[in-house]
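Since every read-out is calculated from the coordinates, none of them should be taken as a lab result. No experiment lies behind these values; they were computed from the predicted model shown. Cβ atoms come from the backbone with ideal geometry, glycine included; neighbour counts cover every protein chain shown.
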Amino acid sequence: MQAHIVHVHPEPGSFNAALTQRATMALEANGVAVTLSDLYASRFDPVEAGRHYRNRSDPATFSALAEQRHAWQTDTVPVDVVREIEALSKADLLVIQFPLWWHGPPAMLKGWFDRVFMNGGLYTSRKRYDAGHFRGCRAVISVTTGAPEAAFGPGARGGDPETMLWPLHYSLHYMGFTVLAPFWTFGVQGHGYVYEQDDSLSTRLTTQLDRWQHRLEAIDDAPALVFPSWGDWDQQGQPLASARVRAPLAAQS
Ligand SMILES: Cc1cc2nc3c(=O)[nH]c(=O)nc-3n(C[C@H](O)[C@H](O)[C@H](O)COP(=O)(O)O)c2cc1C
């Protein structure tokens, strides 16, 4: 097995970095080859823009979808994106590690999705969802928060965790990944927000690193999230009456 970790945190001494180090160690100890994209360390540019494309199909007006497709067809994919796609292509397991920033991922990770999952190459109109490029590969998100676990839930102060990861999970499903249940580390505090004593926090975070290790060691038993697929939709893309629909806000609409 081969795993690829996309690590999204600017500080090498952070708890996020500790989670990535523990993931690497745990997977390698189990005989898994591990590659790493450390997006801040490599100064990955998350801003999709015309300047990345050296052989534009339309030099006058930039269309991201058109230029991604053209770059794929003319073998002029930006070199930093080529590196990311090569690493992804070899992996059976994708691990994404990041802190919750504004109730979602850091912009760096959103931009990685924008640029790396290339239109016309890694997805087309039919090569999506359960027919997606990465079908057969698994993906798991590990995310940390500042607020404590008790503050999270539907309608709760910290927000609903399900909705916060929904765009990432749904996009991974769109790309064909089997999306595993995420790993949450709540209440990684500091910097003026104190919810618990230092010794209790340090013990809890050490336990959490162990839990992450055990989760990865048992990755073959991890439950997958359920998403609708082609067989669940009608011609317009609306769910069939028989479909199992997974939508976090469905109950409110
Ligand atoms: C820009 C920014 C936005 C943040 N937004 C949230 C948030 O919406 N919810 C939350 O619980 N914590 C939030 N935090 C706190 C981080 O999630 C927390 O500091 C991080 O998970 C701790 O892990 P680290 O020590 O590895 O950085 C935010 C932090 C920053 C810098």
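Among His4, His70, the order by Cβ neighbours within 10 angstrom, fewest to most, reads His70, His4. Here the peptides 123-129, 57-63, 153-159 are ranked by packing, the mean other Cβ count within 10 Å, and the order with the highest first is 123-129, 153-159, 57-63. Relative to one another, the C-alpha centroids of the stretch 121-163 and the stretch 6-82 are positioned 18 Å apart. Using the Cβ-Cβ distance between Gln238 and Ser171 with R0 set to 25 Å, the FRET efficiency from 1/(1 + (r/R0)^6) comes to roughly 0.80.
Overall, the stretch 2-252 carries a charge dipole of about 600 debye about its Cα centre when +1 sits on the Cβ of Lys and Arg and -1 on the Cβ of Asp and Glu, all other atoms neutral. Stretching Ser200 away from Ala222 to a fully extended chain increases their span by 5.1 nm, per 0.36 nm per residue minus the current alpha-carbon distance.
Between amide H atoms placed 1.01 Å from N, distances below 5 Å from Phe183 occur with Ile141, Ser142, Val143, all of them 5 or more places distant or on a separate chain.
Applying D = kT/(6 pi eta Rh) to the chain, where Rh is the Kirkwood radius over alpha-carbon pairs, T corresponds to 20 °C and eta to 1.002 mPa s, the Stokes-Einstein value obtained is 109 µm²/s. The residue among Ala87, Pro12, Ala243 whose Cα reaches farthest toward the positive pole of the charge dipole of the stretch 2-252, with charges on the beta-carbon of Lys, Arg, Asp and Glu, is Ala243. When the helices of the chain are scored as -39500 (n - 2.57) per DSSP H run of n ≥ 4 and the total is divided over every residue, the value at 222 nm lands at -10000 deg cm²/dmol.
Taking Cα atoms only, the orientation of helix 64-73 departs from the longest principal axis of the chain by about 70 degrees.
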